[in-house]
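Notes follow once the structure below has been shown.
The values are calculated or read from the model by the stated rules, or taken from the named source; none is laboratory data. Note that the coordinates shown come from a computational prediction; the quantities given were computed from them, not determined experimentally. Every residue, glycine among them, receives a Cβ derived from its backbone with ideal geometry; neighbour counts consider all protein chains shown.
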Amino acid sequence: MDYLYAMVLFAVSSSVTPGPNNIMVMTSGLNFGVKKSLPLLSGICMGFAIMLLLVGIGFGQLFELFPSLHFIIKCLGVLYLVYLAWLIARSADVGSSGSQAKPLSFIKGALFQWINAKAWVVATGAIAAFTTVGADFYGQNMMLALTFFLVSFPCVGVWLMFGSLLKKTLTQDKYRRLFNYTMSALLVVSVLPVMSEILNHLASSHG
């Protein structure tokens, strides 16, 4: 039972802390409201649970065989996060323009997990900490994925509600624009360590 409590605590702490997923959800809640953002929230929660399962089953071994694959995914992740930051900054004009832009979809939320640096850190850390090699490994992996799936909905949902509440507060376009630019900048800042790692890797490989 202590094992389950520890797993739940880990899932809560890693899901509710700031990261690209929560920034995206909060920004979507502010710009589009809770209802229109639910597909994004569901995609993130389901996508991460599936990612946990697949990483546990063998992606770790695949990366050991092909180390360059991990580096390629990391580079694509940084580019996509910068693109998302640009989308968030662009959505600053949603309130003032005549046409209503669309929030990110379920599929985009799910696929985003594969290039989300924080998701990789959490997934590999969770598998290392809460699974043991042996006959019960796949059962533990399934339990871990299910725990994260159930826990992430309320944890990430808190950020969605927060964004929705801010929508009522930030009624003026200039404040909403400032919020979106700030969230966009935070997303870029969140990938700076990964960018630095990529540049160091490239420098050492050409050195």
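Points worth noting:
This table checks each residue for (1) of a type outside the set (D, E, K, R); (2) farther than 24 Å from Phe10 by Cα.
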{"residue": "Phe137", "(1), (2)": "yes, no"}
{"residue": "Asp173", "(1), (2)": "no, yes"}
{"residue": "Pro193", "(1), (2)": "yes, no"}
{"residue": "Asn200", "(1), (2)": "yes, yes"}
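- Considering residues of region 40-69 that are of a type in the set (Phe, Trp, Tyr), out of contact with any Leu (no Cβ under 8 Å at 6 or more places or on another chain) and surrounded by fewer than 22 Cβ atoms within 10 Å (Cβ to Cβ) only, the residue modelled with the lowest pLDDT: Phe59
- Applying the set (1) of a type in the set (A, V, I, L, M); (2) at pLDDT below 80; (3) more than 15 Å from the chain's Cα centre (by Cα); (4) surrounded by 15 or more Cβ atoms within 10 Å (Cβ to Cβ) to Val191 leaves exactly one unmet item: (3).
- Among the residues of region 1-25, those identified as under 13 Å from Gly109 (Cα atoms) and surrounded by fewer than 24 Cβ atoms within 10 Å (Cβ to Cβ) are Asn22, Ile23.
- Residue within region 62-70 that is closer than 30 Å to Leu166 by Cβ and in a helix (DSSP H, G or I) present: no
- Remark: Leu166 matches the filter, which requires a residue to be more than 13 Å from Ile50 (Cα to Cα) and touching a residue at least 40 places away in the same chain (Cβ under 8 Å).
- Residues (small (Gly, Ala, Ser) and surrounded by fewer than 18 Cβ atoms within 10 Å (Cβ to Cβ)) located in region 155-188: Ala185
- Where a residue in region 42-62 is without any contact (Cβ under 8 Å) to a residue 60 or more places away in the chain and its partner, wherever it lies, is exposed (fewer than 15 other Cβ atoms within 10 Å of the Cβ) and part of a helix (DSSP H, G or I), with Cβ under 7 Å and at least six apart: Leu62/Leu69
- Test: residue in region 77-87 that is at pLDDT 85 or above and part of a helix (DSSP H, G or I): no
- Qualifying position, being at pLDDT 80 or above and among the aromatic types (Phe, Trp, Tyr), among Tyr175, Tyr181: Tyr181
- Some residue of region 161-169 being more than 26 Å from Gly56 (Cβ to Cβ) and among the charged types (D, E, K, R): yes
- Test: residue in region 89-99 that is under 27 Å from Ser196 (Cβ atoms) and either at pLDDT 75 or above or touching a helix residue (DSSP H, G or I) at 6+ places or on another chain (Cβ under 7 Å) (or both): yes
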